[in-house]
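The values are calculated or read from the model by the stated rules, or taken from the named source; none is laboratory data. These figures come from a predicted structure and were not determined experimentally. Using ideal geometry, Cβ is built from the backbone for each residue, glycine included, and neighbour counts are taken over all protein chains shown. Surface accessibility is based on the protein's heavy atoms, side chains included, excluding ligands, DNA and RNA. Shrake-Rupley method; radii C 1.70, N 1.55, O 1.52, S 1.80 Å.
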Amino acid sequence: MKEGRVGRISSFSQLFQGLTEGQDATTSTSTSTVALERVFVYCLCWSVGALLEAEDRMKFDAWLRERDPTVMPKVDEGETIFEYFVDSSSGEWEKWKPPHWTYPKGERLDFSNLLVPTMDSTRAQHVIRTIHSQKVPVLVVGAEGTAKTSTQLMFIGEQDPNHMLTKRINFSSATTPGMAQYSIEAELDKRGGKNFGPPNGKKMTIFFDDVSMPEVNKWGDQTTLELVRLLVEYGGFYFLDKDKRGDFKTCEDLLYLAAMQHPGGGKNDIPNRLKRNFFIFNLVLPSITSINDIYGQMLDGRFTGQDFDAETLNVVGKLTDATIRLWRTMKTKMLPTPAKFHYVFNMRDLSRVFQGILFTPKESILEGGLRAKEGLLENFSPQNMLLGLWRHECDRVFCDKLATEKDKDNYGTYINEIGQDIFGQELYNNACSKEKFMVSFLRDDIYDEDEILVEEAPKIYEDGGTLEMIRERACMFLDKYNEEYPSKQMELVLFEDALKHMLRISRLLEIPRGSGLLVGVGGSGKQSLTRLASFISRAMCFQITLTKQYNQNALMDDIRILYKNAGHKNQPTTFLFTE
């Protein structure tokens, strides 16, 4: 990402001022010239070197050490000055350490809303906090999956709601200037004359997520971002009401944060006139140590010595290393091409593997679920179950994305090599010799003597046994569907591939905030299997019916119905749209 020299220098001045003045100022700077030099070098790294990637940070660190090694911190191998900060009380270099994170209580984990602090997020929040305190807007840029939004949300979560309100606005290619202005105006109250501000005299931080997404028109302008620039630079925008149109509306006590992806590769940049108003820095992909910290803490919180034996905990300790190695292998070996444009493996894929593991109830791992109680699972033990579950989740996340049999065979080779190397050949072969199918529809509804439903079947994610066992269960649901919807009967033959696809779709629908893009030739059963999986999950399958008169208003009416069912009535809903 390009930024002008003046912007870099002003960013340096803002950061230096924030660290040498105010409450969090370095107290030893008045007496120690060396401490002041260290603050200077720190600010230089996070302003002039703020947009560098990990490899370039190493070069920048080496360049600074050539100039004056006495001011630089002593670092371990593979580290740079970016892993250190100047302690405000002592004036010495200290290494960044994330605060301790405690695993939330309860059996069900709200995985999508978990925010685990890492070294990367901690040092980024320090910079944001310093700049934000001076009422200067902050823009965070970074590649996919670098936790830009999560870092900003962690910072927003620290704010005292008695003094600072927050508002998050997600930009997309369809966001217009009017929509952006209305989103902000809706939060403001009149303060007098043409001045508006947050209610009760408070301040408000507005977070623009994906700020580079608005459409570029044929003249090369992003009109939505020009409105944002007007707001940030001049502190307001113009009235749109007929009687006041053209008058300037001043918006007081507003502070701004923003996040965007790196421009290029089909992604937009933002205008330089908007950039100049922001303090900009880059978030790099987290290090392997940081990734280990994130998921290691989650697994340690979930799998404790009170519930699991030493052999199972030994497997738990190796899961993060195995998953990271597989993810890095897929990233380097399975590269995107025009025919395989979706071969993109980022941090989100890594998190989905752990989401599946943490989504599984402890009972399913310790006791094997319903099939183990029926004595239908061979070679069952908690460690075999956990390792088989890991293989199943890796298959669902990585293998299901692959488009050719050759790629799937290569994936099988990679995961077998990594699994045998980390977990040991005997344990891995015992646990993963047969393909595992995890399902959540084995339990039956409970009826009383009068055939009245007393309790719906619990959805427990557990081992479904062999495909034949699952096929019998799936056919029972298919017959039920045809009985309930005689006008929409589906005459399906659940052969092996169709059944596997249905299980994949069912898993996506059961996971919180689950979604999927089904790619295949026409007539391969994408819609039919989705309807069956929705019925099994007790979700309403909602689909738009296109006609010649179908327009934007009709789409809004359909979405309104969808929102009423999913939001107001709290009914599980599958939104199925084709082509």
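Scanning segment 530-552 for residues that are hydroxyl-bearing (Ser, Thr, Tyr), open to solvent by 30 Å² or more (accessible area, probe 1.4 Å) and touching a Ser or Thr at 6+ places or on another chain (Cβ under 9 Å) yields nothing.
Scanning segment 236-257 for residues that are out of contact with any Cys (no Cβ under 6 Å at 6 or more places or on another chain) and assigned to a strand (DSSP E or B) yields a count of 10. Please determine whether any residue of segment 505-520 is of a type in the set (Gly, Ala, Ser), more than 28 Å from GLU472 (Cβ to Cβ) and open to solvent by 80 Å² or more (accessible area, probe 1.4 Å). So far as segment 505-520 goes, yes, one or more of its residues are of a type in the set (Gly, Ala, Ser), more than 28 Å from GLU472 (Cβ to Cβ) and open to solvent by 80 Å² or more (accessible area, probe 1.4 Å). In this entry, LEU285 passes the filter for residues that are closer than 25 Å to CYS45 by Cα, open to solvent by 60 Å² or more (accessible area, probe 1.4 Å) and in contact with a Ser or Thr (Cβ under 9 Å, 6 or more places away or on another chain).
VAL439 falls short on exactly one of the conditions (1) within 25 Å of the chain's Cα centre (by Cα); (2) closer than 18 Å to ASP349 by Cα, and that condition is (2). For THR205, the stated conditions do not hold, so it cannot be described as of a type outside the set (Asp, Glu), open to solvent by 50 Å² or more (accessible area, probe 1.4 Å) and part of a strand (DSSP E or B).
Does at least one position in segment 478-497 carry a residue that is of a type in the set (A, V, I, L, M) and in contact with a strand residue (DSSP E or B) (Cβ under 7 Å, 6 or more places away or on another chain)?
no
Of all positions in segment 358-369, none carries a residue that is buried (at least 17 other Cβ atoms within 10 Å of the Cβ), outside any helix (DSSP H, G or I) and under 15 Å from the mean Cα position of the chain (by Cα). With the structure loaded, tell me whether THR146 is of a type in the set (Ser, Thr, Tyr), assigned to a loop (DSSP other than H, G, I, E, B), under 27 Å from the mean Cα position of the chain (by Cα) and under 30 Å from ILE460 (Cβ atoms) or whether it fails that test. The answer is no for THR146.
Would you mind finding the one in GLN152, GLN181, GLN134 that is open to solvent by less than 50 Å² (accessible area, probe 1.4 Å), touching a residue at least 12 places away in the same chain (Cβ under 8 Å) and farther than 13 Å from PHE281 by Cα?
None of the other options fit; the residue is GLN181.
Within segment 347-357, the set of residues being in contact with a Lys or Arg (Cβ under 9 Å, 6 or more places away or on another chain) and either open to solvent by 40 Å² or more (accessible area, probe 1.4 Å) or not hydrophobic (A, V, I, L, M, F, W, C) (or both) comprises ASP349, ARG352, GLY356. Condition check for ASP450 on (1) of a type outside the set (A, V, I, L, M, F, W, C); (2) open to solvent by 100 Å² or more (accessible area, probe 1.4 Å); (3) modelled with pLDDT of 85 or more: one failure, at (3). Among the residues that make up segment 388-402, is at least one of them touching a residue at least 60 places away in the same chain (Cβ under 8 Å), more than 24 Å from the chain's Cα centre (by Cα) and surrounded by 15 or more Cβ atoms within 10 Å (Cβ to Cβ)? Yes: one or more hits.
Provide a single number: the residues in segment 185-227 that are under 29 Å from ASN162 (Cα atoms), under 25 Å from the mean Cα position of the chain (by Cα) and not polar (S, T, N, Q). The qualifying residues number 7. Within segment 90-109, residues that are free of Cβ contacts under 8 Å to residues at least 12 places away in the same chain have Cβ atoms under 6 Å from residues that are surrounded by 10 or more Cβ atoms within 10 Å (Cβ to Cβ) and assigned to a loop (DSSP other than H, G, I, E, B) in these pairs: GLU94/ASP87, counting only partners at least 6 apart in sequence or on another chain.
Across segment 567-577, a minimum of one residue is classified as among the hydrophobic types (A, V, I, L, M, F, W, C) and either buried (at least 16 other Cβ atoms within 10 Å of the Cβ) or touching a Leu at 6+ places or on another chain (Cβ under 7 Å) (or both).
When segment 100-128 is filtered for residues that are in contact with a helix residue (DSSP H, G or I) (Cβ under 7 Å, 6 or more places away or on another chain) and either farther than 18 Å from ALA147 by Cβ or open to solvent by 50 Å² or more (accessible area, probe 1.4 Å) (or both), the ones remaining, listed by number, are TYR103, LEU109, LEU115. In segment 508-525, the residues that are under 22 Å from MET490 (Cα atoms) and assigned to a loop (DSSP other than H, G, I, E, B) form Cβ pairs under 7 Å with partners that are of a type in the set (D, E, K, R) and modelled with pLDDT of 80 or more, at six or more places apart or across chains, as follows: LEU518/LYS526; GLY520/LYS526. Check GLU456, GLU417, GLU435, GLU472 and return the single one that is of a type outside the set (Ser, Thr, Tyr) and either more than 24 Å from GLU363 (Cβ to Cβ) or open to solvent by less than 60 Å² (accessible area, probe 1.4 Å) (or both). Being of a type outside the set (Ser, Thr, Tyr) and either more than 24 Å from GLU363 (Cβ to Cβ) or open to solvent by less than 60 Å² (accessible area, probe 1.4 Å) (or both) holds for just one of GLU456, GLU417, GLU435, GLU472, which is GLU417. Given the criteria small (Gly, Ala, Ser), at pLDDT below 90 and either on the phi < 0 side of the Ramachandran plot or part of a loop (DSSP other than H, G, I, E, B) (or both), does GLY317 qualify? In short, no. Scanning segment 45-84 for residues that are open to solvent by 40 Å² or more (accessible area, probe 1.4 Å), without any contact (Cβ under 8 Å) to a residue 60 or more places away in the chain and closer than 29 Å to ALA259 by Cβ turns up VAL48, GLU55, ASP56, MET58, LYS59, TRP63, VAL75, GLY78. Here LYS218 qualifies as modelled with pLDDT under 90, over 14 Å from ALA258 (Cα atoms) and surrounded by fewer than 15 Cβ atoms within 10 Å (Cβ to Cβ). In the set (1) open to solvent by 50 Å² or more (accessible area, probe 1.4 Å); (2) in contact with a strand residue (DSSP E or B) (Cβ under 9 Å, 6 or more places away or on another chain); (3) aliphatic (A, V, I, L, M), VAL344 fails one condition alone, (2). The residue list TYR238, TYR256 contains one member that is at pLDDT 90 or above, under 21 Å from PRO271 (Cβ atoms) and open to solvent by 60 Å² or more (accessible area, probe 1.4 Å), which is TYR238.
Quick check on this structure: which one of SER183, SER133 is of a type outside the set (Lys, Arg), closer than 30 Å to LYS275 by Cβ, modelled with pLDDT of 90 or more and out of contact with any helix residue (DSSP H, G or I) (no Cβ under 9 Å at 6 or more places or on another chain)? Lay out the reasoning, then the answer.
On the way: SER133 fails: out of contact with any helix residue (DSSP H, G or I) (no Cβ under 9 Å at 6 or more places or on another chain).
Exactly one residue qualifies, and that residue is SER183.
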